[in-house]
Amino acid sequence: MPNSVSNSIYEALAGIRLIDPHTHINPYTPASTTLADLLGYHYYTELAHSSGMPKSHIEEAGIPPDELVRRLVLNLSSIENTAQYRWLIEICRRFFDFDGDRLDASNWEAVYAAAEKKMSLADWPQSVLDQSNVESVFLTNDFDDTLDGFDTDTYVPCLRTDDLVFHLAKSETQQRLQECSQVDLDGSLTGLRAALEQRFEHFVSRGARACAISLPPSFEPTPVADGRAKTALNEILRRGLSADPSNQAAVSRHVFWTLAELCDEFGIPFDLMIGVNRGVYADGVYQGQDLYDSRVSLIQYRELFNAFPDLKFPISVLASVTNQELVSYAWIFPNVITNGHWWYSNTPSFITRDATARLEAVPCTKQIGYYSDAYKLEFVWPKFDMYRRILSNILADHFVIGSQWSEERAIELGRRVLRDNVELIFPKPKSIDRTVADKLRTQRVTTEGTWIESDPSADGDASSFATVRIEDTPANSAETLDPLPSEDEIKAVDLDDVELLTGNAAITDHETLAADVDLEPLDVGDLTGDTDDKGAEKIQMLRGDGSFEADEESLKVKPDPMTGELRFPNPSEKDETELPGTETDEYDTLEDESSQ
């Protein structure tokens, strides 16, 4: 494989301004403040601990940042062969003017000082984004995050739902949900759904483009019957963590399924990260305790994928060994999307194998090539650059050389998986036209007598929502209803069935009405005539009307083609459902004449 082909593709891909679709960045402190923020990344602490560095030397309370860096640097020599160490050196070179290939006792203090000086600049986060050629990054926001005080175009909100699904039995989680949603968890499934729905409304109105969750290998998402779910919910609200594990599991499955319904309703992808076992290494350092489990299988998600055909599921698998199954599911299911190279599969050899398999077997529109999973902005560049170089080699080898593609065509494929698909799969929420929204506020009536009103927000680019009881709705409301309103909607509006108008004004007084009344009685003819054999008067048909005999077809109600109103067909009208040419001889005659 000529290096020039791969290098040419790489240069083109490096010029693409990126959107990072999954990070753990804090939008209030997105970049590092000292070198300790970089070396404190769990990859380095867990590798150093694995190499023999005592956990107490890493997590000692109150340790100064420069001392933590010194300790870690002295224990990094055994990991210089790793991809993670390469990220660290590339960060120092790109951002801190470092020209070495090893961080050790002889140079770490100079690098620390240079880094601290640059990191103290007010525009440091934006400088890192620009140097990394990154337009925006997706966040991982707690469900009760206010999402205030940061630029949501650059730092894109994402609703993380692990606590809602797996920790709702905790009183702390229940209290957080009630406080942020302003909905009481009263034991009803309606109340729980209203609280979850309010969180979606809050997030989507502020630009959220995904809902995400990390799932253990044992989890199997299936719907739970309402009765079972209500019983389980009442027990966890009453007993908390002491509730029977089966009831906690039932609530988890119910909440998860409800989240999928809400993702489908609000039109945002449900980002699933599947297969992590928490706390496998109990004595590990912070975030260095979790591992994958090869017993996970996507067959556990078959009912979910089948139940929501229009909902996009970007899927991350924790281990490369699960990648072939993911490729197969993305091959078959239109709504399954391969997403990045997560955690233990995020090293060059695994990425090469997994990305090649995806590019060879999965439609190019259904692949999100990479995300950084970074906790600080500085890590976005070296991680993406590692992927770009691997992707360039695959495109050069398998497509330009192997399939005789042009470099331009290979670059276009690279651009699609690097950037274009992120925008396609995670589109920005649609803005709301204020003038239209003011006139026609969205109403969704529920079976328990509430509707959800959607009003334009202050900035006009999203919606804020409030739940209104129908009985609290003002009389004579002028809200626009559906063409076929429900009984609850009719009662809520509290308008007369018929409103008399003169010109554009309503007739509100009896004098105006009396002036328009035609006092001449309507001649309807003789409605009564001879008596029948029982002595009752027969009703005479009006002039021009024919006889009517009920049959099976005539008793079927059909929608009016203009209004949608259900009514009995008029036997004198042509049945517009009949095919042309089957109705009358007159039609046949006209058709014959037009064909000549």
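The values are calculated or read from the model by the stated rules, or taken from the named source; none is laboratory data. Everything numeric in this text was worked out from a predicted model, so none of it was measured. FYI the Cβ positions are ideal-geometry reconstructions off the backbone, even for glycines, and counts take in every protein chain you see.
Residue check, T258 against (1) at pLDDT below 95; (2) surrounded by 20 or more Cβ atoms within 10 Å (Cβ to Cβ), all met but one. Which one?
Among (1) at pLDDT below 95; (2) surrounded by 20 or more Cβ atoms within 10 Å (Cβ to Cβ), the lone unmet condition for T258 is (1).
Within segment 328-344, how many residues are in a helix (DSSP H, G or I) and out of contact with any strand residue (DSSP E or B) (no Cβ under 7 Å at 6 or more places or on another chain)? Walk me through it before giving the result.
Here is the first cut: in segment 328-344, the residues in a helix (DSSP H, G or I) are 328-332, 343-344.
Still in the running and out of contact with any strand residue (DSSP E or B) (no Cβ under 7 Å at 6 or more places or on another chain): 328, 331-332, 343.
Here the count works out to 4.
Give the residue that is surrounded by the most Cβ atoms within 10 Å (Cβ to Cβ), with candidates limited to residues of segment 315-347 that are among the hydroxyl-bearing types (S, T, Y) and over 24 Å from L129 (Cα atoms).
Looking only at segment 315-347, we keep the residues that are among the hydroxyl-bearing types (S, T, Y), and these are 316, 320, 322, 328-329, 338, 344-345, 347.
Those still in the list that are over 24 Å from L129 (Cα atoms) too: 316, 320, 322, 328-329, 338, 344-345.
Details: S316: 27, S320: 20, T322: 23, S328: 15, Y329: 21, T338: 29, Y344: 17, S345: 21.
Across segment 315-347, the extreme among qualifying residues is T338.
Collect the residues in segment 292-314 that are buried (at least 17 other Cβ atoms within 10 Å of the Cβ) and either out of contact with any Gly (no Cβ under 7 Å at 6 or more places or on another chain) or assigned to a helix (DSSP H, G or I) (or both), keeping them in residue-number order.
Taking segment 292-314 as the starting set, the residues that turn out to be buried (at least 17 other Cβ atoms within 10 Å of the Cβ) are 292, 296, 298, 301, 304-305, 308, 311-314.
Those that are buried (at least 17 other Cβ atoms within 10 Å of the Cβ) and either out of contact with any Gly (no Cβ under 7 Å at 6 or more places or on another chain) or assigned to a helix (DSSP H, G or I) (or both): L298, Y301, L304, F305, F308, L311, K312, F313, P314.
Quick grid of which residues meet (1) acidic (D, E); (2) farther than 26 Å from W342 by Cβ:
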{"position": "Y85", "(1), (2)": "no, no"}
{"position": "D101", "(1), (2)": "yes, yes"}
{"position": "V111", "(1), (2)": "no, yes"}
{"position": "N141", "(1), (2)": "no, no"}
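State whether the residues of segment 29-45 include one that is touching a strand residue (DSSP E or B) at 6+ places or on another chain (Cβ under 9 Å) and of a type outside the set (K, R).
yes
Of all residues in segment 345-386, count the ones that are of a type in the set (S, T, Y) and under 25 Å from the mean Cα position of the chain (by Cα).
So in segment 345-386, the residues of a type in the set (S, T, Y) come out as 345, 347, 349, 352, 356, 365, 370-372, 375.
Next, from what is left, pick out any that are under 25 Å from the mean Cα position of the chain (by Cα): 345, 365, 370-372, 375.
Qualifying residue count for the region: 6.
Looking at (1) hydrophobic (A, V, I, L, M, F, W, C); (2) under 16 Å from Y301 (Cβ atoms); (3) surrounded by fewer than 19 Cβ atoms within 10 Å (Cβ to Cβ), which is the one condition that is false for F350?
Failed condition: (2).
Please enumerate the residues belonging to segment 80-117 that are acidic (D, E) and either crowded, with 20+ Cβ neighbours inside 10 Å or part of a helix (DSSP H, G or I) (or both). Reasoning before the result, please.
First, pick out the residues of segment 80-117 that are acidic (D, E): 80, 90, 97, 99, 101, 104, 109, 116.
Across segment 80-117, the qualifying residues are E90, E109, E116.
Collect the residues in segment 133-174 that are of a type in the set (A, V, I, L, M, F, W, C), touching a strand residue (DSSP E or B) at 6+ places or on another chain (Cβ under 7 Å) and either part of a helix (DSSP H, G or I) or more than 18 Å from H202 (Cβ to Cβ) (or both), keeping them in residue-number order.
First, the residues of segment 133-174 that are of a type in the set (A, V, I, L, M, F, W, C): 134, 137-139, 143, 147, 150, 156, 158-159, 164-166, 168-169.
Now drop any that are not touching a strand residue (DSSP E or B) at 6+ places or on another chain (Cβ under 7 Å), which leaves 134, 137-139, 143, 147, 156, 158-159, 165.
Passing the criteria: V134, V137, V165.
Which is more than 30 Å from F270 (Cα to Cα) and either small (G, A, S) or in contact with a Pro (Cβ under 6 Å, 6 or more places away or on another chain) (or both), of A31, A48, A14? Steps first, please.
Working: A31 fails: more than 30 Å from F270 (Cα to Cα); A14 fails: more than 30 Å from F270 (Cα to Cα).
Going through A31, A48, A14 in turn, the sole match is A48.
Sort out which residues of segment 250-290 are under 18 Å from F200 (Cβ atoms) and among the basic types (K, R), and write them in order of number. Working first, answer last.
Just the residues of segment 250-290 that are under 18 Å from F200 (Cβ atoms), to begin with: 254-272.
Result: no residue meets the conditions.
Quickly run through segment 368-381 and pick out the residues that are farther than 14 Å from W342 by Cβ and crowded, with 22+ Cβ neighbours inside 10 Å.
K376, L377, E378, F379, V380, W381
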